[in-house]
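To keep things clear, I will list the structure first and then write my remarks on it.
The values are calculated or read from the model by the stated rules, or taken from the named source; none is laboratory data. Because the structure is a prediction, the values reported are computed rather than measured. Neighbour counts run over all protein chains shown; Cβ positions are idealised from the backbone, glycine included.
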């Protein structure tokens, strides 16, 4: 009985932790009435055998949850594979992982099997190594469908899904294309996840999903975002991060999405040009028409979360860009390439981009100096400096250049730091002051090593004796990436 009680209390605990899922489900109908007597629970199938008593008590606790969104969220977690770590994000896009207990998941799958509520049917075959879709006729009655984490290579041609609101096909690598009529009969679809699949093309029929609110295409092989996406005027979230083949985002595919709240093209092949003045020199055209540019994003007034990759930003471009306070305030993930100035004071950026969480500065041969200022503390959680061959780092304390500085004041939230191929950097002893650092990666920065390590070998190879971390930093470190040539001699 104590085990049953623990499982019963687990429902409440998991539910309270899952109030805001990464894909929040739409409001459901009012919860069914419940009684104070667990023995009156109906609909428990006899075939459950020994599990009947456990599920009866679990469902009794579930029915007593007064928060409808917590009930919906718990059921939603059942769409994920068994023992799967589920990423739950809050309003600031800060996430944590939760895991649904196996027995609680069984209860959720039973509740959504259609035996109790025919209007809330889930079709779940996640993480079962399927190569083809099972029982396509059941798509008609299902409200949510999950085939995530399988090996499905072929999708149905024209499935009829009048009731479908959520379709999760992510993490299926074989499929290269989606049938032309696949979206034709999904009039109520709200959430579509195609991330981490092999698709390289979306059919024009995507434009028929007029109720769609969340579209995840991240980590696919998509080469172009179809113009028809512009018809999805109710879209609130569009994810295109890490789409390394993405070469085209037509302006018409995004500019009409006036209700868009979240757009992420961070670390995709598609990069916005840095120009801003004179109508936006970053606005280019190709065979698919005028391409999306920074000024187009400035017209999306509902944006609260933005991930971008920008190339060719000069000092003048940056000043004009920062004048768009609303756009900059929504930036959470930013990759800057080919920075066109020799000195880059990040204080002005961080002052306007107060919500910035991840910053990459890459492949900038003209950049000679990066400046950080203590009067502008940052909420950065990730910082990557890559192929900045001439760049050094300077520190300011209230706009006065200083040498000895507590960098913990600036990077008080930094969790992940990577520095690679930055040949001119000579000192990283400041990492000792980082209070929250968990992951540190350092590679191909010989001058850094020559000052941090005790000495250089006679052959010129690095002989590293110590890694310098303060107590406040060292206790958080989880990962240090290293080369065995300098790692093995560590004391």
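Being buried (at least 18 other Cβ atoms within 10 Å of the Cβ) and within 13 Å of residue 212 (Cα to Cα) is the filter here; which residues of the stretch 240-271 pass it? 257, 260, listed by residue number. Would a scan of the stretch 98-116 turn up a residue that is assigned to a loop (DSSP other than H, G, I, E, B), in contact with a helix residue (DSSP H, G or I) (Cβ under 8 Å, 6 or more places away or on another chain) and without any contact (Cβ under 8 Å) to a residue 40 or more places away in the chain? Looking for residues that are assigned to a loop (DSSP other than H, G, I, E, B), in contact with a helix residue (DSSP H, G or I) (Cβ under 8 Å, 6 or more places away or on another chain) and without any contact (Cβ under 8 Å) to a residue 40 or more places away in the chain, one finds at least one in the stretch 98-116, hence yes.
Residues in the stretch 354-366 that are part of a strand (DSSP E or B) and within 15 Å of the chain's Cα centre (by Cα): 2 in all.
On inspection, residue 364 does not qualify as touching a strand residue (DSSP E or B) at 6+ places or on another chain (Cβ under 8 Å) and modelled with pLDDT under 90.
Within this structure, residue 75 passes the test of being closer than 30 Å to residue 303 by Cα, crowded, with 18+ Cβ neighbours inside 10 Å and touching a helix residue (DSSP H, G or I) at 6+ places or on another chain (Cβ under 6 Å). Just one of (1) touching a residue at least 40 places away in the same chain (Cβ under 8 Å); (2) out of contact with any helix residue (DSSP H, G or I) (no Cβ under 6 Å at 6 or more places or on another chain) fails for residue 62. It is (2). Please work out if residue 329 is over 29 Å from residue 233 (Cβ atoms), surrounded by fewer than 21 Cβ atoms within 10 Å (Cβ to Cβ) and not assigned by TED's automatic domain parsing to the domain that holds residue 417. No.
Suppose the filter is modelled with pLDDT of 95 or more and either buried (at least 16 other Cβ atoms within 10 Å of the Cβ) or over 26 Å from residue 63 (Cβ atoms) (or both); does residue 136 pass it?
Numbers: modelled with pLDDT of 95 or more: no; either buried (at least 16 other Cβ atoms within 10 Å of the Cβ) or over 26 Å from residue 63 (Cβ atoms) (or both): yes.
No; evaluated as a whole, the condition is false for this residue.
Here residue 313 meets each of (1) within 20 Å of residue 358 (Cβ to Cβ); (2) buried (at least 21 other Cβ atoms within 10 Å of the Cβ); (3) modelled with pLDDT of 90 or more with one exception, condition (3). With the condition kept exactly as written, say whether any residue in the stretch 400-413 is outside any loop (DSSP other than H, G, I, E, B), farther than 24 Å from residue 330 by Cβ and modelled with pLDDT of 85 or more. Checked the stretch 400-413: no residue is outside any loop (DSSP other than H, G, I, E, B), farther than 24 Å from residue 330 by Cβ and modelled with pLDDT of 85 or more.
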